[in-house]
Amino acid sequence: MQPRDLSAHDEYVAGRGIEEVARELGREPDDLVKLASNENALGPSPKAVEAIRERAESVHSYPKASHADLAEQLAERWDVAPEQIWLANGGDGALDYLSRAALEPGDAVLVPSPGFAYYSMSARYHHGAVREYALSKDDGFAQTAETVLSQYDGERIVYLTSPHNPTGSVVAPADVERIAAGTDEETLVVVDEAYGEFADVDSAVELLGERDDVAVLRTFSKAYGLAGLRLGYAVTPAEWADAYARVNTPFAASEIACRAGLAALDDDEHVEGTVETVEWAREYLAETVEAPTYDSQGNFVLFEVGDASAVAEALKQKGIIVRDCTSFGLDECIRVTCGTKPETRRAAEAINEVLAER
Ligand SMILES: *Cc1c(COP(=O)(O)O)cnc(C)c1O
């Protein structure tokens with residue numbers, strides 16, 4: 001027998017792993033600089049690592065207290081009720097919960113193009129339809145209320161990404177509010193703030209006090225350096241509180257993930273160091289690399305390089321792994337994650353060499 005017809009479903013194209021590329025090139029992983037997946041260049045929060053070690057002995061139990069404690073801590077941080085915090089297996093898992101909670105079969109979601117692939121993948125898994133709104137290179141991929149509303153047509157969920165992946169542009173809460181006000185009462189506006197810690201705009205969580213049609217996505221994968229652990233959450237409207245228990249996977253985040261998350265939340269030094277490094281690297285890359293770029297508020301910078309696949313391949317031969325943005329529909333762009341200072345300097349030099357040779 002066969003699974004159901006999955007021909008409309010896409011595969012998620014991740015940035016390539018360092019071991020995978022090292023094997024292909026016949027080199028040691030340590031010789032390579034991986035700046036392809038917007039991971040934390042400083043590694044995980046040391047406090048989280050300690051918590052993971054400490055809790056290893058207790059993973060025979062289902063996570064109960066840790067899950068509740070983490071939801072409570074996050075609720076306090078965002079000034080919402082614990083029921084509004086929907087913990088999940090990564091931010092991606094939280095997107096699935098929002099799809100499950102919001103979509104009837106055939107309902108449509110509106111997603112940015114270019115944009116993060118999982119919004120539409122999740123909608124399709126939940127028997128939803130997908131429409132796109134275009135962001136334009138001409139205005140630096142600006143995400144204004146007009147851009148979104150002029151392309152909105154009654155979809156059930158509208159996705160905004162702030163900072164936007166892969167371009168780095170942001171949406172101010174005032175614009176989120178305009179979008180929420182300009183869409184139907186039954187439309188949920190989801191603001192994906194996976195890179196929120198790196199931006200100097202306020203979080204859209206502040207809108208949840210007055211609105212019941214905005215949700216915000218956050219993750220421990222980027223600023224907290226816990227991408228491998230899979231921990232993220234949505235902050236949802238107060239009115240949605242009892243939906244979580246009806247749509248989530250039992251024990252939605254693991255014991256280790258919850259304990260590590262709690263420790264990481266307490267590790268200001270690590271987050272601050274991360275943000276400082278990113279701010280430095282973002283500026284260094286934009287100034288040093290001899291290619292047109294866009295103003296980024298994420299932990300990455302997008303460059304116009306001509307033939308992105310060829311440039312990414314040439315960089316790989318020099319041991320630098322970046323993201324070829326062809327899969328985002330930007331076949332002239334590469335996205336370069338902010339690395340440590342030595343990694344970032346080496347990457348900038350290599351990019352300039354490759355561009356000069358072409
Ligand atoms: C990284 C990322 C996420 C979430 O990633 P998880 O690892 O699943 O938490 C969500 N949205 C965007 C735009 C991202 O880049």
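Okay, here's what the table says:
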read-out	value
Top of 138, 107, 69 by mean-square fluctuation, Gaussian network on the chain, Cα under 10 Å	138
Counted charge near residue 178, where neighbours are those whose Cβ lies closer than 12 Å (Asp, Glu -1; Lys, Arg +1)	-2
Extension reserve of the residue 12-residue 104 stretch, reckoned as 0.36 nm per residue once the Cα distance is removed	30.8 nm
Per-residue [θ]222 nm for the chain (sum of -39500 (n - 2.57) over DSSP H runs n ≥ 4, rounded to 500)	-11000 deg cm²/dmol
Local electrostatic count at residue 238 - Lys and Arg +1, Asp and Glu -1, tallied over other residues with Cβ under 9 Å	-3
Fraction of antiparallel bridges per DSSP, segment 46-265 only, in percent to nearest 5	30
Label-to-label distance, nm, for residues given as residue 57 and residue 144 (7 Å Cα→Cβ offset)	6.1
Net charge of neighbours whose Cβ lies under 15 Å from the Cβ of residue 250, counting Lys and Arg as +1 and Asp and Glu as -1	+1
Most mobile of 133, 12, 125 in a GNM of the chain (Cα contacts under 10 Å)	12
Length released on extending from residue 238 to residue 2, taking residue separation times 0.36 nm less the Cα-Cα span	80.8 nm
Point-to-point label distance, residue 313-residue 19, nm (Cα→Cβ direction, 7 Å offset)	2.7
Choice from 315, 217, 160 with maximal GNM fluctuation in the chain (Cα, 10 Å cutoff)	315
Virtual spin-label span in nm between residue 345 and residue 275, 7 Å along Cα→Cβ	2.6
Extension reserve of the residue 27-residue 358 stretch, reckoned as 0.36 nm per residue once the Cα distance is removed	116.7 nm
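Only the coordinates and a few stated rules stand behind these numbers; no lab work does. Only a predicted model underlies this, so the values are computations on that prediction, with no experimental measurement involved. When we count neighbours, we look across all protein chains shown, and the Cβ atoms used for this are built from the backbone with ideal geometry, even at glycine.
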